[in-house]
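K.L.:
Just dropping this structure here.
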Amino acid sequence: MRKTRYAAVAFAAAAALTMSACGGDSGTDAGGEDTGSSDTITIGIKFDQPGVGFMENNEPSGFDVDVAKYVANELGYSEDQIEWKETPSAQRENVLENGEVDMIFASYSITDERKQRVAFAGPYFIAGQDLLVNADNNDINGPEDLNGKVLCSVTGSTSAQKIADTQPDVNLLEQGGYANCVTAMQGGQVDAVTTDDIILAGLASTDANSGKFKVVGNTFTEEQYGVGISQDSDQCEAINTAIRTMVEDGSWEEAIMANTEGADYSYNDELNPPEPAACA
């Protein structure tokens with residue numbers, strides 16, 4: 001789907017949902033006409049965040065992916081109509097502006113700076129910066145316990161800089177990816193890893209790491225994960241409706257649990273699930 005087809009797709013989605021409620025074929029309308037089910041939708045995700053957005057053997061997985069699939073289905077697209085595109089953090093605004101994707105689910109925090117270039121639906125999750133430690137570590141319960149400790153984060157990340165700014169006695173080790181940080185902690189080189197809580201939970205929930213680490217559960221920032229869309233998209237309201245439906249029918253909770261199983265993790269239930277913001 002490209003931006004020139006949004007209006008037609010919106011009509012198709014509405015017809016598909018109406019027929020679905022009546023037990024009809026989501027690919028045809030009441031008169032048996034094709035509603036556009038042959039179209040595809042291109043969705044940007046991360047490929048390197050287990051439990052959040054991950055691609056292995058051409059199969060996507062993670063919480064962002066599950067939310068994306070649910071929203072796409074509510075808009076009238078089955079899983080086989082989704083084209084997945086890797087969208088690293090530095091490229092997200094560019095691929096939306098260039099029309100390479102229709103929407104992005106990629107631990108994409110809503111910020112005023114980003115709103116200068118793109119628009120957002122949601123949020124569908126509110127993450128917070130937290131700490132990952134060994135499962136038997138009871139000494140580190142928050143950033144105030146990091147003085148004299150070795151902390152790992154990704155080179156150039158805002159997470160690393162925040163800790164460096166607020167805890168000057170922390171020994172910061174920067175790596176190329178969070179998986180490298182977890183490996184370093186497993187090897188005894190670092191005491192803790194920091195980034196958004198759900199990303200840490202995803203890392204801890206992999207088969208290789210299950211039961212070995214825990215998320216401290218003391219978030220100290222708020223990151224509103226939104227659905228990135230182009231500024232001229234007309235899909236914001238439909239996406240927000242889909243997110244609310246996902247929460248109401250229990251699928252949102254199920255997706256969180258399924259993608260953090262094996263990690264000692266609980267999301268911040270004072271902030272989640274969030275109510276999507278009004279569309280601009």
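K.L.:
Check which residues have an amide H placed less than 5 Å from Phe220's amide H, if you skip close sequence neighbours.
P.N.:
Gln129
K.L.:
Hey, another quick one. Can you tell me the alpha carbon radius of gyration of the stretch 129-215 divided by the globular rule-of-thumb value 2.2 N^0.38 Å?
P.N.:
0.95
K.L.:
Shifting gears a bit: Tell me what the chain gives for mean residue ellipticity at 222 nm when only DSSP H runs of n ≥ 4 count, each as -39,500 (n - 2.57), the sum divided by the residue total, rounded to 500 deg cm²/dmol. Don't skip to the end; give the middle numbers.
P.N.:
Values: 9 runs with 87 residues, N = 280.
The helix contribution divided over the chain gives -9000 deg cm²/dmol.
K.L.:
How far apart, in nanometres, would the label points at Met257 and Asp136 be if each is projected 7 angstrom from Cα along the Cα-to-Cβ direction?
P.N.:
For Met257 paired with Asp136, the spin-label model returns 3.0 nm.
K.L.:
Provide the gained length on full extension for the span Asp112 to Val150, in nm with one decimal, where the gain is 0.36 nm per separating residue minus the Cα-Cα distance.
P.N.:
Values: separation 38, 0.36 × 38 = 13.68 nm, distance 3.26 nm.
Result for the pair: 10.4 nm of gain on full extension.
K.L.:
Please list, in chain and number order, the residues 5+ apart from Lys46 or on another chain whose amide H is under 5 Å from its amide H, with Hs placed from the backbone.
P.N.:
Thr87
K.L.:
In whole Å, what are the extents of the chain along the principal axes defined by its C-alpha atoms, from largest to smallest?
P.N.:
Extents along the principal axes, in whole Å: 70, 36, 36.
K.L.:
For labels at Asp48 and Glu237 in the simple 7 Å Cα→Cβ model, what's the distance in nm?
P.N.:
Simple spin-label model gives 4.0 nm for this pair.
K.L.:
Still on this structure: Quick one: length gained pulling Cys279 to Glu59 fully straight, 0.36 nm per residue minus the C-alpha distance? Before the final figure, lay out each step's value.
P.N.:
Numbers: separation 220, 0.36 × 220 = 79.20 nm, distance 3.17 nm.
So the chain would gain 76.0 nm between Cys279 and Glu59.
K.L.:
Within 10 Å of each residue's Cβ, count the other Cβ atoms and sort Thr194, Thr40 from fewest upward. Display every interim value, and only then the final one.
P.N.:
On the way: Thr194 28, Thr40 14.
Placing the least packed residue first, the sequence is Thr40, Thr194.
K.L.:
Considering only Cα-Cα distances, which of the following residue pairs are longer than 28 Å: Lys69/Lys162; Lys46/Lys162; Lys46/Lys214; Lys46/Lys115; Lys162/Lys212; Lys85/Lys212? Don't skip to the end; give the middle numbers.
P.N.:
Values: Lys69/Lys162 33 Å; Lys46/Lys162 23 Å; Lys46/Lys214 23 Å; Lys46/Lys115 20 Å; Lys162/Lys212 26 Å; Lys85/Lys212 32 Å.
Those over the limit are Lys69/Lys162; Lys85/Lys212.
Every number in this text was worked out from the coordinates using simple rules, so none of it is lab data. A quick note: this is a predicted structure, and the numbers were derived from the prediction, not measured. Heads up, the Cβs are rebuilt from the backbone with ideal geometry, glycines too, and the neighbour counts pull from every protein chain shown.
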